[in-house]
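The values are calculated or read from the model by the stated rules, or taken from the named source; none is laboratory data. Keep in mind that this is a model prediction, so the values were computed, not measured. Note: ideal-geometry Cβ built from the backbone for every residue, glycine included; neighbour counts use all protein chains shown.
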Amino acid sequence: MSDTGAPPDLGTSSYSPPPPPRGGKTGTLGALMRRKPVERLVADAGHGEGGSLRRSLGMWQLTMISIGATLGTGIFVVLGEAVPDAGPAVVISFVIAGITALFSALSYAELAGTIPVSGSSYSYAYATLGELVAWVCGWCLILEYGVSVAAVAVGWGQYLNELLSGTVGLTIPDVIAAPPGDGGIFNLPALLVVLLAMVFLLGGAKESARANAIMVAVKIAALLLFCGVAFQGIRAGNYAPFMPLGMAGVSAAGATLFFSYIGFDAASTAGEEAKNPQRDLPRAIMLSLVIVTALYCLVAAVAVGALPWKKFSGTEAALAGIMKNVTGQNFWAVLLALGAVVAIASVVLTVLYGQTRILFAMSRDGLVPKVFSKVHPKTGAPRANTVIVSLFCGILAAAVPLGQLADATSIGTLFAFALVNVAVIVLRKTRPDMPRTFRTPLSPLFPAIGFVLCLWMMGSLDLITWVVFGVWMVAGLVFYFAYGMRRSRLATDQK
């Protein structure tokens with residue numbers, strides 16, 4: 001580890017595996033509950049099969065990764081769903097959703113600074129809650145990131161069609177722009193955007209972070225452009241009544257909007273490629289949440305001022321419609337569509353990055369095949385991992401009609417968030433003297449609130465989402481007991 005890596009008093013240089021357990025919990029139960037010590041997690045950081053990840057990311061690059069994963073399709077389409085519930089008070093709904101996300105973000109910030117490794121909540125669970133819980137968490141993250149990449153890639157193709165239609169009057173035929181069952185044979189644009197992200201990732205973390213930073217700058221500029229243009233159409237009367245459906249409507253909209261914040265945890269997957277992870281990861285997570293919340297509230301305030309709230313019902317492309325109404329021209333709406341295309345491409349890039357780093361950590365621990373932790377010595381990127389994940393997600397997006405299955409990304413995310421809140425409480429109890437560069441305030445109260453809020457959000461999801469989640473969990477447990485439990489590095493070290 002470099003000087004800017006693990007805190008020196010963690011003792012990573014002298015770490016040795018613990019001896020086999022004597023007495024107490026043994027056999028299968030002991031295997032399920034074995035934990036990977038924080039010191040070992042940090043000592044293993046960066047090391048893969050045949051090479052090491054490179055520490056090349058600064059705080060702003062990490063922040064851009066989280067913003068890139070968070071700021072995507074949500075703000076471009078979500079207002080049409082939330083404003084009919086909350087009216088002009090949708091701005092308050094965004095604040096409520098942001099505060100809801102904040103409790104989990106605080107927990108992520110503490111653990112990211114304390115355990116600066118790839119794997120995000122999977123690694124945090126491994127250190128605190130045991131191998132089985134860590135596996136379940138990692139399996140949830142695979143579902144979250146994999147389905148999310150595919151769903152977002154499908155959305156990218158739709159926005160690309162809108163952009164082409166508005167600029168050159170062309171549209172991609174449904175036969176090659178939609179999967180079977182949705183009127184087509186193969187969704188070529190969805191596959192292409194995933195392959196494009198793969199190319200950037202194969203160049204290494206620094207190169208892909210640079211590309212992401214440019215795309216994030218473009219989409220922030222697009223949203224600020226919207227605010228500047230739509231501001232001319234603001235009418236004071238559009239803000240009255242401010243809360244037409246009462247606080248119940250504001251709360252309902254807040255629950256809908258919460259999912260626009262998913263992605264702030266993306267920086268935590270870059271723990272082994274950050275130059276100074278203990279300092280920069282907590283800052284990046286919190287800063288990204290503040291920036292995204294501020295942008296959401298600004299866009300929402302301008303949008304409801306420029307268009308009466310009752311006219312938002314059923315309008316998915318609300319922002320583009322407002323710009324067209326204010327200016328009377330298609331030009332600005334086309335620019336916004338371009339911003340949306342770039343925005344969604346950066347989400348594909350950052351979420352795909354997170355997926356590869358989580359599988360990298362799980363592979364290094366022996367829970368999934370070693371191919372996922374092989375690092376290319378020249379680029380410092382897990383190349384085979386990146387290619388396998390990209391091809392899988394690309395084909396999933398291109399050939400499978402996702403429909404309501406896309407909601408599975410929400411339940412996987414919330415489950416991981418809930419476990420991170422628990423992990424903070426457990427680590428405070430079991431390792432109170434461990435160096436922490438960021439501490440969640442009012443612990444264990446704030447993590448407990450974050451845990452309860454995650455469960456509440458999970459309860460609001462549809463039955464089909466729970467069915468998909470259940471089937472996925474059963475498949476994951478079968479894989480773990482058949483493969484991961486016996487091949488775990490903790491198991492082999494104790495033989």
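Against the definition (of a type in the set (Ser, Thr, Tyr), assigned to a helix (DSSP H, G or I) and either surrounded by 22 or more Cβ atoms within 10 Å (Cβ to Cβ) or out of contact with any Ser or Thr (no Cβ under 8 Å at 6 or more places or on another chain) (or both)), how does Thr413 come out, yes or no?
Answer is yes for this residue.
For Leu359, state whether it is under 30 Å from Val136 (Cβ atoms) and surrounded by 24 or more Cβ atoms within 10 Å (Cβ to Cβ). Lay out the reasoning, then the answer.
Values: under 30 Å from Val136 (Cβ atoms): yes; surrounded by 24 or more Cβ atoms within 10 Å (Cβ to Cβ): yes.
Answer is yes for this residue.
Mind telling me which of the residues Leu367, Leu319 ends up being outside any helix (DSSP H, G or I) and of a type in the set (A, V, I, L, M, F, W, C)?
Going through Leu367, Leu319 in turn, just one is outside any helix (DSSP H, G or I) and of a type in the set (A, V, I, L, M, F, W, C): Leu367.
Could you list, in sequence order, all residues of segment 51-66 that are surrounded by fewer than 20 Cβ atoms within 10 Å (Cβ to Cβ) and part of a loop (DSSP other than H, G, I, E, B)?
Arg54, Ser56, Gly58
If you scan segment 423-442, which residues turn out to be farther than 16 Å from Thr100 by Cα, surrounded by fewer than 21 Cβ atoms within 10 Å (Cβ to Cβ), touching a residue at least 60 places away in the same chain (Cβ under 8 Å) and not charged (D, E, K, R)?
Val426, Thr430, Met434, Pro435, Thr437, Phe438
Collect the residues in segment 165-193 that are in a helix (DSSP H, G or I), over 14 Å from Pro401 (Cα atoms) and modelled with pLDDT under 85, keeping them in residue-number order.
Correct list: Ser165, Gly166, Thr167.
Could you tell me whether segment 108-121 includes any residue that is of a type in the set (D, E, K, R) and assigned to a helix (DSSP H, G or I)?
Our first condition is that a residue be of a type in the set (D, E, K, R); within segment 108-121, this holds for 110.
When the remaining residues are screened for being assigned to a helix (DSSP H, G or I), the result is 110.
Among the residues of segment 108-121, at least one is of a type in the set (D, E, K, R) and assigned to a helix (DSSP H, G or I), which makes the answer yes.
Hey, among the residues in segment 373-387 that are under 20 Å from Ala274 (Cα atoms) and either of a type in the set (Val, Ile, Thr) or without any contact (Cβ under 8 Å) to a residue 40 or more places away in the chain (or both), which one's surrounded by the fewest Cβ atoms within 10 Å (Cβ to Cβ)? Walk me through it before giving the result.
Filtering segment 373-387 down to residues under 20 Å from Ala274 (Cα atoms) leaves 373-383, 385-386.
Filter once more, so that each one left must be either of a type in the set (Val, Ile, Thr) or without any contact (Cβ under 8 Å) to a residue 40 or more places away in the chain (or both): 375, 378-379, 385-386.
Numbers: Val375: 23, Lys378: 9, Thr379: 18, Asn385: 25, Thr386: 27.
The qualifying residue surrounded by the fewest Cβ atoms within 10 Å (Cβ to Cβ) is Lys378.
Can you find even one residue in segment 364-374 that is within 20 Å of the chain's Cα centre (by Cα), basic (Lys, Arg) and closer than 23 Å to Ser121 by Cβ?
no
Taking interchain pairs and intrachain pairs at least six residues apart, which have beta carbon atoms under 7 angstrom, with the first residue in segment 138-149 and at positive phi and the second among the charged types (D, E, K, R) and assigned to a helix (DSSP H, G or I)?
Short answer, once both residue conditions are applied: none.
Run down Val426, Val387 and say which single residue is under 21 Å from the mean Cα position of the chain (by Cα), in a helix (DSSP H, G or I) and not aromatic (Phe, Trp, Tyr).
After ruling out the rest, the residue left standing is Val387.
Only one of (1) part of a helix (DSSP H, G or I); (2) over 22 Å from Ile291 (Cα atoms); (3) not small (Gly, Ala, Ser) fails for Thr256. Which number is that?
The number of the failed condition is (2).
Of these, Gly146, Gly130, Gly87, which one is modelled with pLDDT of 85 or more and crowded, with 24+ Cβ neighbours inside 10 Å?
Gly87
Could you pull out the residue among Arg428, Arg364, Arg439 that is out of contact with any helix residue (DSSP H, G or I) (no Cβ under 8 Å at 6 or more places or on another chain) and either among the β-branched types (Val, Ile, Thr) or modelled with pLDDT of 90 or more (or both)?
Just one listed residue meets the conditions, Arg428.
To keep it simple, each residue is scored yes or no on (1) assigned to a helix (DSSP H, G or I); (2) more than 22 Å from Arg54 (Cα to Cα); (3) under 17 Å from the mean Cα position of the chain (by Cα).
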| residue | (1), (2), (3) |
| --- | --- |
| Ser268 | yes, no, yes |
| Gln278 | yes, no, no |
| Leu295 | yes, yes, no |
| Lys311 | yes, yes, no |
| Ala337 | yes, yes, no |
| Ser346 | yes, no, yes |
| Thr350 | yes, no, yes |
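Out of Gly48, Gly113, I need the residue that is touching a strand residue (DSSP E or B) at 6+ places or on another chain (Cβ under 9 Å), farther than 23 Å from Thr409 by Cβ and buried (at least 23 other Cβ atoms within 10 Å of the Cβ). Which one?
Every option except Gly48 fails the conditions.
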